[in-house]
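Report on the structure given below.
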Amino acid sequence: MQCGARPYSFVLHGLWPQYEKGFPENCQQPSPRLYRGIVSSMLDLMPAPHLIYNEWDKHGTCSGLSPSAYFDTIRKARAAITIPPAYVSLQQPLTVAPRAVQDAFIKANSGLTPNGIAVDCDRKRLTEIRICLSKDLKFHDCPEVTKCACRRDQVIMPPVRGG
């Protein structure tokens, strides 16, 4: 294992099947266990083993894929998305309009539309960016996801943090 800080500008939270309304979860209980090698291989995108296990248990088991195929698909999905350069290596918190973040992602990702991305927030901070992809990992509109996007005028985007 390599020592040192692992910088995260954006953490991949998960990949799950999405119905037009809602999504399945926890489809196999107990869920098939993950090999440690799979968990180790995902730490560059998903920085906590607990997150990796949780996403497999909750969503991966509903995908119809084996653990290795599911996590390979996660890696391919992440590779299909370009994080706007201005947001990759933030050293200090940045106050931004959620709409500006959405627009930057749309500009950086050909084929992504306003109906295929949701910028989420809490009271102060950007918490999540949800991007919808089809089964073949092409950008896909998903009104069920985007209707719940952040409605704040400004949010704080936290800086890169090390692990």
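Please treat every number below as a calculation from the coordinates, not as lab data. This structure is a prediction, so every number in the text was calculated from the model and none was measured. No Cβ is skipped: glycine too gets one built from the backbone with ideal geometry, and neighbour counts run over all protein chains shown.
Taking every pair of Cα atoms in the chain, average 1/r, invert it to obtain the Kirkwood radius, and report Rg/Rh to two decimals.
On the way: Rg = 16.1 Å, Rh = 16.8 Å.
Radius of gyration relative to Kirkwood radius: 0.96.
The trypsin sites (Lys or Arg not before Pro) of region 110-163 that meet both conditions, a loop assignment by DSSP and at most 10 other Cβ atoms within 10 Å of the site Cβ, are ARG123, LYS135, LYS147, ARG151. Here the label points at LYS107 and CYS27, each 7 Å from Cα along the C-beta direction, are separated by 3.8 nm in the simple model. Dimensions of region 82-163 based on its C-alpha atoms, expressed as ranges along the principal axes with the largest first, amount to 35, 24, 23 Å.
Please give the length that would be gained between ASN115 and GLU128 if that part of the chain were fully extended, namely 0.36 nm times their separation in residues minus their C-alpha to C-alpha distance (nm, one decimal).
Values: separation 13, 0.36 × 13 = 4.68 nm, distance 1.57 nm.
Between ASN115 and GLU128, full extension yields 3.1 nm more.
Given the options ALA69, ALA77, ALA118, state which has the largest fluctuation in a GNM of the chain using a 10 Å cut-off (strictly under) for Cα springs. Looking only at ALA69, ALA77, ALA118, the largest GNM fluctuation is found for ALA69. Spin-label model, GLN154 to ARG99: label points 7 Å out along the Cα-to-beta-carbon direction sit 1.6 nm apart. Between ILE83 and ALA48, full extension at 0.36 nm per residue minus the direct alpha carbon distance yields a gain of 10.5 nm. Rounded to the nearest 500, the helix-only mean residue ellipticity at 222 nm of the chain stands at -8000 deg cm²/dmol, with each DSSP H run of n ≥ 4 adding -39,500 (n - 2.57). Shown here for region 13-84: GluC sites (Glu not before Pro) in loop regions (DSSP other than H, G, I, E, B) with at most 12 other Cβ atoms within 10 Å, namely GLU20, GLU25.
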